[in-house]
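S.K.: Below is the structure I would like to discuss, written out as structure tokens.
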Amino acid sequence: MSEIKPYRDSAAGKKEQIATMFDRIAPKYDFLNHTLSLGIDKYWRRRAIRLISAESPETILDVATGTGDFAIAALKSGAKRVTGIDISKEMVAAGVAKIAKLGLQDRIVLLTGDSEKIQFPDESFDVATVAFGVRNFEQLGKGLDELFRVIKSGGLLCVLEFSKPRNPVVRFFYNFYANRVMPRIGRMVSGDPAAYTYLPESVEGFPDGEKFITFMRDSGFGEIREYRLTFGIATIYIGKKVKG
Ligand SMILES: C[S@@+](CC[C@H](N)C(=O)[O-])C[C@H]1O[C@@H](n2cnc3c(N)ncnc32)[C@H](O)[C@@H]1O
């Protein structure tokens, strides 16, 4: 199996390589995700959903939905309908099967789709969410512009993403876990040598904190709030499509 390093390659090929990588790890994704995060991701997702619940959204678009975990969690906000899109066909297929098994197919629909060219008309959704997805976008600004376009005026964007811990001691242990432990377990379970090397590299290269907030502002979002979680290992960003 050839090694894929999407983050190092030219921007032109990044999207296809990301899709191929997620297609490969799709059957093991849920297991690896919850194991490697030691289950903390479930708490982070719940926290993000509580923050959007205050808006009582009826319709939610979950971009980079993967196998649909965030779309499923998003139902807790009281939303009537959640639509998820992802560029990886295999991640979507795994998600569709999971949703059918849970009997949620009337409330959650997963489709293939690209964050940088979202297939829905302007102002289609009350809230848009992205969990652990923006880091993978080929063109972050374009993805955020598209999210802004499809959210209704007054609606929210909620992004949950890994970030770099600021405390040097936490950072040391985090880097050791992310660079030494995670890739080994990821490689053993998924059989993909690149997938879990890519993860720490992409977190390191991602413009988190104030830099990401600047990207959100540039796309038009206002009233931006930032919640750092678990020593800053992950961050929730909430922005509003402020009424013009
Ligand atoms: C780490 S997974 C996160 C999946 C899910 N949101 C979760 O919380 O488990 C990242 C997902 O982003 C998707 N992705 C990457 N670039 C994308 C793009 N431009 N448009 C849509 N999905 C994308 C990948 O295919 C992958 O399924």
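S.K.: Is at least one residue of the stretch 110-118 among the charged types (D, E, K, R), away from the ligand (no atom under 11 Å from the Cβ) and in contact (Cβ under 8 Å) with a residue 12 or more places away in the chain?
M.R.: no
S.K.: I'd like to verify a number: residues in the stretch 52-74 that are away from the ligand (no atom under 12 Å from the Cβ), in contact with a strand residue (DSSP E or B) (Cβ under 6 Å, 6 or more places away or on another chain) and not β-branched (Val, Ile, Thr), how many?
M.R.: Going through the stretch 52-74 one residue at a time, the tally reaches 3.
S.K.: Evaluate the stretch 136-149: report whether one residue or more is over 16 Å from residue 214 (Cα atoms) and over 17 Å from the mean Cα position of the chain (by Cα).
M.R.: yes
S.K.: Can you tell me which residue in the stretch 229-244 is modelled with the highest pLDDT, limited to those that are part of a loop (DSSP other than H, G, I, E, B) and out of contact with any Asp or Glu (no Cβ under 9 Å at 6 or more places or on another chain)?
M.R.: 233
S.K.: Considering only the stretch 21-51, state which residues are of a type outside the set (Val, Ile, Thr), more than 11 Å from the ligand (Cβ to nearest atom) and over 21 Å from residue 198 (Cβ atoms).
M.R.: 39, 43, 46, 47, 50, 51
S.K.: Pick from 93, 79, 74, 100: which is buried (at least 22 other Cβ atoms within 10 Å of the Cβ), of a type in the set (Gly, Ala, Ser), at pLDDT 95 or above and over 21 Å from residue 135 (Cα atoms)?
M.R.: None of the other options fit; the residue is 79.
S.K.: Sticking with this one: Test residue 205 against the stated conditions and say whether it is away from the ligand (no atom under 13 Å from the Cβ), farther than 23 Å from residue 16 by Cβ and small (Gly, Ala, Ser).
M.R.: no
S.K.: Quick one: would you say residue 154 is assigned to a strand (DSSP E or B), more than 9 Å from the ligand (Cβ to nearest atom) and either touching a residue at least 40 places away in the same chain (Cβ under 8 Å) or within 20 Å of the chain's Cα centre (by Cα) (or both)?
M.R.: yes
S.K.: Here is a follow-up. Specify which of the listed residues (142, 240) is in contact with a Leu (Cβ under 8 Å, 6 or more places away or on another chain) and surrounded by fewer than 20 Cβ atoms within 10 Å (Cβ to Cβ).
M.R.: Among 142, 240, only 240 is in contact with a Leu (Cβ under 8 Å, 6 or more places away or on another chain) and surrounded by fewer than 20 Cβ atoms within 10 Å (Cβ to Cβ).
S.K.: Looking at the stretch 197-228, which of its residues are under 16 Å from the mean Cα position of the chain (by Cα), of a type in the set (Ser, Thr, Tyr) and in a helix (DSSP H, G or I)?
M.R.: Those that are under 16 Å from the mean Cα position of the chain (by Cα), of a type in the set (Ser, Thr, Tyr) and in a helix (DSSP H, G or I): 198, 202.
The values are calculated or read from the model by the stated rules, or taken from the named source; none is laboratory data. Everything numeric in this text was worked out from a predicted model, so none of it was measured. Glycine gets a Cβ as well: all are built from the backbone with ideal geometry, and neighbour counts include every protein chain shown.
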